[in-house]
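Asker: This is the structure, below, for whatever I ask next.
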Amino acid sequence: MGRALVRDPKVFLFDEPLSNLDAKLRVQMRGDIKSLHRRLGATTIYVTHDQVEAMTMADRIVVMRDGAIEQIGTPLELYDHPANIFVAAFIGSPAMNLLRGVVEGSYFRLPGGPILPLPTGTDKHAVLYGVRPEHVRVASDGVSLLVETVEPTGSETHVSGVVADQTLSCLFRERLQVSPGDTLRVLPAVETVHVFSEDGNRRQPDD
């Protein structure tokens, strides 16, 4: 990288430059590269399989699969408005939940009967219900989640469990007194829900 910088090129191409560094050094180097980019002002193309690097460093991201472009946009555009389930599952950590069921009026019914809220105007052919773990909250009127794992990190609590025989991952911004085997009632924030058809295309009407 140093040899490339001193030549003052008009375009930089970085191909997985941080892949062999430990986690702490990777964080430091991300900041250093962003600072260099701001100072030099040169166009930079950065290739990475690490979505955290892409989200924290990029002005615009091109998500590719098998040589084809799936979506182009700013980090937050890709996070808030994924074009399909590939982008939805790739962007975000922990990954987006994708639950299978059917649309019934203004609700999404999971196998066995539990229902989840839907955005207004949802396509009736949607069969996959997407919600990010951080957009699930504890709610007395929610669906029953049978807790399987609890991972407290201090600032957050990652809870994973089963709803209607499907895995649901939740990321709570508070400390919860919950253990494996407990039942927790949870509900997605409807304004954050994404719905997809069988072919993986997004069907939410605000796109």
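The values are calculated or read from the model by the stated rules, or taken from the named source; none is laboratory data. This is a predicted model, so every value here is computed, not measured. Heads up, the Cβs are rebuilt from the backbone with ideal geometry, glycines too, and the neighbour counts pull from every protein chain shown.
Asker: How many residues does region 96-135 contain that are more than 16 Å from F196 (Cβ to Cβ), in contact (Cβ under 8 Å) with a residue 40 or more places away in the chain and hydroxyl-bearing (S, T, Y)?
Answerer: Selection size over region 96-135: 1.
Asker: Restricting to region 158-178, give me the number of residues that are among the basic types (K, R) and either touching a residue at least 24 places away in the same chain (Cβ under 8 Å) or crowded, with 18+ Cβ neighbours inside 10 Å (or both).
Answerer: Count: 1.
Asker: Among strands (runs of 3 or more DSSP E) lying entirely in region 144-207, which contain 3 or more residues that are at negative phi and in contact with an Asp or Glu (Cβ under 6 Å, 6 or more places away or on another chain)?
Answerer: The qualifying strands (runs of 3 or more DSSP E) are 157-163.
Asker: From the list G92, G200, G112, G181, which residue is at pLDDT below 95, over 19 Å from the mean Cα position of the chain (by Cα) and among the small types (G, A, S)?
Answerer: Of the residues listed, the single one that is at pLDDT below 95, over 19 Å from the mean Cα position of the chain (by Cα) and among the small types (G, A, S) is G112.
Asker: Could you tell me whether D32 is modelled with pLDDT of 90 or more and not basic (K, R)?
Answerer: Judged against the criteria, D32 is not a match.
Asker: Is it the case that region 80-89 has a residue that's in contact with a Lys or Arg (Cβ under 9 Å, 6 or more places away or on another chain), modelled with pLDDT under 90 and of a type in the set (A, V, I, L, M, F, W, C)?
Answerer: Checked against the condition, which is being in contact with a Lys or Arg (Cβ under 9 Å, 6 or more places away or on another chain), modelled with pLDDT under 90 and of a type in the set (A, V, I, L, M, F, W, C), region 80-89 yields no hits at all.
Asker: Checking the condition under 30 Å from F14 (Cα atoms) and touching a residue at least 24 places away in the same chain (Cβ under 8 Å), which residue from G31, G92 passes?
Answerer: G92
Asker: Follow-up question, since we're still on this one. Checking G181 against (1) closer than 24 Å to V103 by Cβ; (2) surrounded by fewer than 18 Cβ atoms within 10 Å (Cβ to Cβ); (3) not charged (D, E, K, R), only one condition comes out false. Which one?
Answerer: (1)
Asker: List the helices (runs of 4 or more DSSP H) that sit entirely inside region 1-110 and contain at least 3 residues that are crowded, with 16+ Cβ neighbours inside 10 Å and of a type in the set (A, V, I, L, M, F, W, C).
Answerer: The helices (runs of 4 or more DSSP H) meeting that bar are 51-57, 85-90.
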